[in-house]
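**Q** Before I ask anything, let me first share the structure, which is written out below as structure tokens.
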Amino acid sequence: MEDFRKYITFNPNIRFGKACIIGTRITAADILSWLGSGMTNDEILADFPELKKEHILAVLQFAAKRESIIKTTAE
């Protein structure tokens, strides 16, 4: 997979600065939610023709990167 930053942007004027697919208002969280609810890549692409397979892969890469840097603290 190419660098996810080629497909994902942060703009404070679009969806409150959440990670969005460039050129859309679709957030990484939207795509993760659809995948988590059981939608397949093909179903997402059919419902949102502005998306490409590369966008879904970029969101997964973004989420994995973000998860790898989250720190937890023991209570």
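Every number in this text was worked out from the coordinates using simple rules, so none of it is lab data. Model, not experiment: these values are computed from the prediction. Neighbour counts run over all protein chains shown; Cβ positions are idealised from the backbone, glycine included.
**Q** Can you go through Glu43, Glu50 and tell me which one is surrounded by fewer than 17 Cβ atoms within 10 Å (Cβ to Cβ) and in contact with a strand residue (DSSP E or B) (Cβ under 9 Å, 6 or more places away or on another chain)?
**A** Working: Glu43 fails: in contact with a strand residue (DSSP E or B) (Cβ under 9 Å, 6 or more places away or on another chain).
None of the other options fit; the residue is Glu50.
**Q** Within the range 4-44, how many residues turn out to be touching a residue at least 24 places away in the same chain (Cβ under 8 Å) and outside any helix (DSSP H, G or I)?
**A** 7
**Q** Considering the range 22-40 alone, what residues qualify as being surrounded by fewer than 17 Cβ atoms within 10 Å (Cβ to Cβ) and not basic (Lys, Arg)? Even if it seems obvious, please write down each step before you answer.
**A** Our first condition is that a residue be surrounded by fewer than 17 Cβ atoms within 10 Å (Cβ to Cβ); within the range 22-40, this holds for 22-25, 29, 32-33, 36-40.
Matches in the range 22-40: Ile22, Gly23, Thr24, Ala29, Leu32, Ser33, Gly36, Ser37, Gly38, Met39, Thr40.
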